[in-house]
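Written out below as C-alpha cells is the structure these notes cover.
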Amino acid sequence: MAKISYMTVGSNRLEEAKAFYDALLGSIGMKPLFEHPSGGRLYRGKGVGMFGVLGPYDGNPACIGNGMMGGFDFETREEVDAFHAKAIELGGACEGQPGERMPKAYFAYFRDLDGNKLCAYRLGE
C-alpha cells in the first residue's frame, strides 16, 4: 500500500483531473473524502494521508511547480510498476520508466494531465 502524508496539486481542468485521480488513486485503495469548494476533490485511503486535486486558493490559474514533485511510497516494486502504468494508461506522461536509481532505490516518474510531476518509489529490496 502506498504511503503519503498530505499533498495537493492544482488543476485548470478539474473534472478531467478528478476522473484521472479517481481511477489512479482508486487503484491503490484511496477514495474521495470530500468535494472541495474550489471544485476539486480530496482523497484518503486506509493507513495513508490525504491527496487533493484543487483549484488554486488565490483564484489564479493553476501552474506546475518547476522542481516540485510528490511521491508515493510503496511496499513492493510491482506496486510501483502498476501505479506508474496506471498513470500512463489514464493519459499521464512518462517522466522516467520504473527502475533502480541507486542501490535499493526503485523509482518511477510521471506527470498528471496538468503537468504536475509525481513519483512512485520503493526503498529497500
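The values are calculated or read from the model by the stated rules, or taken from the named source; none is laboratory data. This structure is a prediction, so every number in the text was calculated from the model and none was measured. Here the Cβ positions follow ideal geometry from the backbone for every residue, glycine too, while neighbour counts run over all protein chains shown. Please note that ligands, DNA and RNA were not included when accessible areas were found on the heavy atoms of the full protein model with its side chains. Shrake-Rupley method; radii C 1.70, N 1.55, O 1.52, S 1.80 Å.
Ligands, DNA and RNA are left out, and with a 1.4 angstrom probe the accessible area of the stretch 13-108 is 55 Å² per residue. Between helix 77-89 and the chain there is an angle of about 40 degrees, using the helix long axis and the longest principal axis of the Cα atoms.
As a check on your grasp of the helix formula, calculate [θ] at 222 nm for the chain: sum -39500 (n - 2.57) over DSSP H runs of n ≥ 4, divide by the residue count, round to the nearest 500.
Working: 2 runs with 26 residues, N = 125.
Helices in the chain give a 222 nm mean residue ellipticity of -6500 deg cm²/dmol.
Here the stretch 35-104 yields Rg over Rh of 1.01, to two decimals, using C-alpha coordinates and the Kirkwood radius.
In degrees, nearest 10, range 0 to 90: what is the angle between the Cα axis of helix 14-26 and the longest Cα principal axis of the chain? Approximately 30 degrees, to the nearest 10.
The residues neighbouring Gly92, those whose beta-carbon lies less than 11 Å from its own, together hold a net charge of -1 under the Lys/Arg +1, Asp/Glu -1 convention.
Please report, to two decimal places, log10 I(q)/I(0) for the chain at q = 0.17, 0.18, 0.19, 0.20 Å⁻¹ as given by the Debye formula with identical point scatterers on the Cα atoms and no solvent. Calculated log10 I(q)/I(0) at the listed q: -0.82, -0.92, -1.02, -1.12. Rolling a 1.4 angstrom probe over the stretch 49-125 with all protein chains present gives an accessible area of which 53% lies on carbon and sulfur atoms. Restricting attention to the chain, lysine pairs at least eight places apart or on different chains and with alpha-carbon atoms under 21 angstrom apart total 15.
Between Asn12 and Lys31, the contour length at 0.36 nm per residue exceeds the alpha carbon distance by 4.7 nm.
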